[in-house]
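J.: The structure that follows is given in the form of structure tokens.
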Amino acid sequence: MNNPIHIISVSASHKSDLAELLADYQLELIPYSGQSVAEVQSYKYLPSYFSDPERAAYFIMAGDEVAGFALVNTHTLIEPQAHSIAEFYIKPAFRKQRIGEQAATLVFAKFPGKWEVAQMASNLPVINFWHKVVTHVTHGQFKATVLTNDKWHGPVLIFVYD
């Protein structure tokens, strides 16, 4: 794919488009979350991404096509005053093309400084993806830990992006 990868802020007028992508994302998480299709609900934090200055929503673009999304906030599990990838999704048709890695780097560049990226303990493909991306963007300079508490169960990567 030769389309340039870039990110754009999701405007309120495209909130429903983001909601559709979030629904697809949540359905893909069913094998890892333990939920059934019937238990999947609309993403409860979606309205906050259009009203809370501590949250940002981006479409990941491959040329002029929406390839996925990234949701960023400052609600971290370990590292105070850091940014967090709350949700990150690449549509299946755009996977295995390094779009996710490029998009993640663009998101980190929007907010230089401390970051946290948490992954579900059972989602090995995502754990591998984030480990690869964070290793690349930090040249291996990050902290990896595993949380098992009432807030999170799974790996968390902590790093600084300059």
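Derivation of every value follows stated rules applied to the coordinates shown; laboratory data play no part. Note that the coordinates shown come from a computational prediction; the quantities given were computed from them, not determined experimentally. Quick reminder, even Gly has a Cβ in these numbers, built from the backbone with ideal geometry, and neighbours come from all protein chains shown.
J.: Quick one: 3J(HN,Hα) in Hz for region 127-142, Karplus 6.51/-1.76/1.60 with θ = phi - 60°, rounded, Gly and Pro as x.
T.: Values per residue, Gly and Pro as x: 4, 5, 4, 5, 4, 5, 5, 5, 4, 5, 6, 10, 6, x, 9, 8 Hz.
J.: Once phi is turned into θ = phi - 60°, what whole-Hz ³J(HN,Hα) does the Karplus curve with 6.51, -1.76 and 1.60 give for every residue of region 146-154, x standing for Gly and Pro?
T.: 10, 9, 9, 9, 6, 8, 7, 10, x
J.: Another one. Distance between Cα centroids, region 28-65 to region 104-137: provide it in whole Å.
T.: Taking the Cα centre of region 104-137 as reference, the centre of region 28-65 is 17 Å away.
J.: Further question: If amide H atoms are built 1.01 Å from N in the plane of the peptide, which residues on other chains or at least 5 residues away come under 5 Å of the amide H of Ala86?
T.: Those qualifying (amide H under 5 Å, at least 5 residues apart or on another chain) are Leu71, Val72, Asn73.
J.: Which residue, Trp130, Trp152, Trp115, tops the fluctuation ranking in a GNM of the chain built on C-alpha contacts under 10 Å?
T.: Largest GNM mean-square fluctuation: Trp152.
J.: To continue, here is another question. With unit charges on the beta carbon (Lys/Arg positive, Asp/Glu negative), name the residue among Gln81, Pro92, Thr148 whose Cα is farthest towards the positive pole of the charge dipole of region 76-162.
T.: Pro92
J.: Please turn the phi angles of region 61-71 into ³J(HN,Hα) values with the Karplus equation 6.51 cos²θ - 1.76 cosθ + 1.60 (θ = phi - 60°), one per residue in order, whole Hz, x for glycine and proline.
T.: So the J values, rounded to whole Hz, are 10, 10, x, 9, 9, 6, 9, x, 8, 9, 10.
J.: Additional query: Could I get the Rg over Rh figure for the chain? Both from C-alpha atoms, Rh via Kirkwood, rounded to two places.
T.: My calculation puts Rg/Rh at 0.93.
J.: Shifting gears a bit: Straight-line reach from Lys114: which aspartates and glutamates fall under 12 Å, measuring Cα to Cα and dropping same-chain residues less than 8 apart?
T.: The qualifying aspartates and glutamates are Glu79, Asp162.
J.: Further, regarding this structure: Springs between alpha-carbon pairs under 10 angstrom, Gaussian network model over the chain: which of Thr105, Thr148, Thr135 fluctuates most?
T.: Thr148
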